[in-house]
Amino acid sequence: MSAPHIPTPLEQLGPRPFSFYPPIRNLDHNEWLFRRADGNELHVVNTKSHAELCLPLRYLGGVSSIEEPVIIVGLVKDLEYREGVLVPHVQRVLEMPAAVARAANGDPRPWAAAPQPRRLAPVLGIRTETPQESRKNRKFLGAIAVSILIAILGMAIVRESSRVRFFTTPVRLPLPFTASDDYLSIVAKWGHPATSRSRPGAGGREFHLLRYPDHALTIVLWGADRDHAFYLGALGRGGRVLHSTQLPDGADSTALVWAAASTR
């Protein structure tokens, strides 16, 4: 039996629009829809121009955990749209010649500077530090250096923690249910749901949504009616797939759980 398909973060969005960060250069509108996955490439469609792009999977980051005002999909590289394909953006820096740089800064030309007459350097009174003052200055400078180092480390930790929270793919929950579970077995384990709803599906079957607010999720069943429906998976806030299972034919149930989310 082949291993079940592990969906990418874009596939988990289903029909919901999203924006790339950083935005793709040379494109004005930054709102997209997922079209399909093809091997190591993902196909997305611009909601305004309807142009379809092929995004290599190696450039894809994660999906933001915050969906308002728009879902953000992270890119691991700054990309630009060039001649119908996506390529990494290269920042080109032009170095100014030394003579031009001196002229722009108002510096005099070295050959035009007037020679200065030779004269003796003025004698300055220099006071040497005492050992006590030297130790005090070293302690003061050391304290400043330690404070700067602590501030830099703190900013790095905060930045990395916020980046992980922003671009991490939602975690699947280890729920105690499989495709062999039905309504009665779920009620025996977790009790009766707070609400129970049904939505029409394909092939004369129905989605049955069992809401458990204490667990912050909705269980999805699939079948002709509630008493003959079996477990598909679980949905979280915003229609995010929290759990899926292996169907009797060996396929993963994630696609059906998405379909249940779109009909809620």
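Every read-out reported here was derived from the displayed coordinates using simple, explicitly stated rules and does not represent laboratory data. It should be emphasised that the depicted structure is a prediction, and the values quoted were computed from it without experimental measurement. Reconstructed Cβ throughout: ideal geometry from the backbone, glycine too, with neighbour counts over all protein chains shown.
Between Asn137 and Ala156, the modelled label-to-label distance comes to 3.0 nm, taking each label 7 Å out from Cα in the direction of the beta carbon.
Remark: region 172-186, residue by residue, has Karplus-estimated 3J(HN,Hα) of 6, 8, x, 7, x, 10, 9, 5, 7, 7, 10, 4, 5, 5, 5 Hz, where x stands for each Gly or Pro and the curve is 6.51 cos²θ - 1.76 cosθ + 1.60 at θ = phi - 60°.
Rounded is the label for region 183-262, because a/c, from the alpha-carbon gyration tensor with a ≥ b ≥ c as root eigenvalues, stays below 1.5. The 3J(HN,Hα) values that the Karplus relation (6.51, -1.76, 1.60; θ = phi - 60°) gives for region 230-240 are, in residue order, 10, 6, 9, x, 9, 10, x, 5, x, x, 7 Hz. Gly and Pro appear as x. Backbone amide hydrogens, once placed in the peptide plane, bring Arg35 within less than 5 Å of His43, Val44, Val45, excluding anything fewer than 5 places away on its chain.
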